[in-house]
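Everything on this sheet refers to the single structure shown next.
The values are calculated or read from the model by the stated rules, or taken from the named source; none is laboratory data. Worth saying up front: this structure is predicted, and the values here are computed from it rather than measured. Here the Cβ positions follow ideal geometry from the backbone for every residue, glycine too, while neighbour counts run over all protein chains shown. In case anyone asks, the SASA skips ligands and DNA or RNA and just uses the protein heavy atoms, side chains included. Shrake-Rupley method; radii C 1.70, N 1.55, O 1.52, S 1.80 Å.
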Amino acid sequence: MGKDDSGSSEVNATALHPAYTVTNVQTKIRTLDGVKVTYSSWTKLFRLHAKTYKVLDHIDGTKAHVETDPGYDQWVEIDALVLQWVYNTLSDDLMVRILESDTTAQAAWNKLKTNFLNNKGSRAAALEQEFSNLNLAACSSMEAYCQKLKDLADQLGDVDNPVTESRLVL
């Protein structure tokens, strides 16, 4: 890096974006299958990963890019990379539900969200029943039982039907 007339370091316009350093996203984000890995936990991990690698705007839409922006071509390329991350961290049956050509990472993210959070009322009722009827005998250990309750509570929160901490303890 050189110095300009003001004495400050020049910014290298060709610096490698952090997203390009990810070699295998599956080592960082587990595969969403809706059973072992819930939508709630997957989105938390994915958002954390996206924030770390400075691509959160590709899934939450905070920064709109238009074709006339100077960095548009790189943004499109990174968006395709983030879209690959989404597809590579989904089970096969979930991936085919949201797979589309000529889409963006945010569109795929929103489609997946709709897939999991659509029909909130009926989904909440089914989860509530599963939460209320879960017993220790259905699980391999006390730890598995507590984890299943926590997973169900997280899923209920996702559909706007949160479980209070006191109810979870009981």
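The residues of segment 16-42 that are without any contact (Cβ under 8 Å) to a residue 12 or more places away in the chain and surrounded by 16 or more Cβ atoms within 10 Å (Cβ to Cβ) amount to a single one, Val37. Pairs linking a residue in segment 124-148 that is of a type outside the set (A, V, I, L, M, F, W, C) to a residue that is not in a helix (DSSP H, G or I), with Cβ atoms under 7 Å and 6 or more positions apart or on different chains, are Glu128/Asn161; Tyr145/Cys139; Lys148/Leu134; Lys148/Cys139. Within segment 129-149, the set of residues being part of a helix (DSSP H, G or I) and not aliphatic (A, V, I, L, M) comprises Gln129, Glu130, Phe131, Ser132, Asn133, Glu143, Tyr145, Cys146, Gln147, Lys148. Being free of Cβ contacts under 8 Å to residues at least 60 places away in the same chain, open to solvent by 80 Å² or more (accessible area, probe 1.4 Å) and either over 30 Å from Leu170 (Cα atoms) or not basic (Lys, Arg) (or both) is a description that does not apply to Asn110.
Listed by position, the helices (runs of 4 or more DSSP H) enclosed by segment 1-105 that each have at least 3 residues that are more than 30 Å from Ala153 (Cα to Cα) and modelled with pLDDT of 90 or more are 72-88. Residue by residue through segment 85-96, note down the ones that are without any contact (Cβ under 8 Å) to a residue 24 or more places away in the chain and surrounded by 13 or more Cβ atoms within 10 Å (Cβ to Cβ). Within segment 85-96, Tyr87, Met95 qualify.
The listed residues are Glu77, Glu100, Glu67, and the only one of them that is out of contact with any Lys or Arg (no Cβ under 6 Å at 6 or more places or on another chain), without any contact (Cβ under 8 Å) to a residue 12 or more places away in the chain and within 17 Å of Lys113 (Cβ to Cβ) turns out to be Glu100.
Does segment 113-128 contain any residue that is open to solvent by less than 50 Å² (accessible area, probe 1.4 Å), under 15 Å from Trp42 (Cα atoms) and assigned to a helix (DSSP H, G or I)? Yes, some residue in segment 113-128 is open to solvent by less than 50 Å² (accessible area, probe 1.4 Å), under 15 Å from Trp42 (Cα atoms) and assigned to a helix (DSSP H, G or I).
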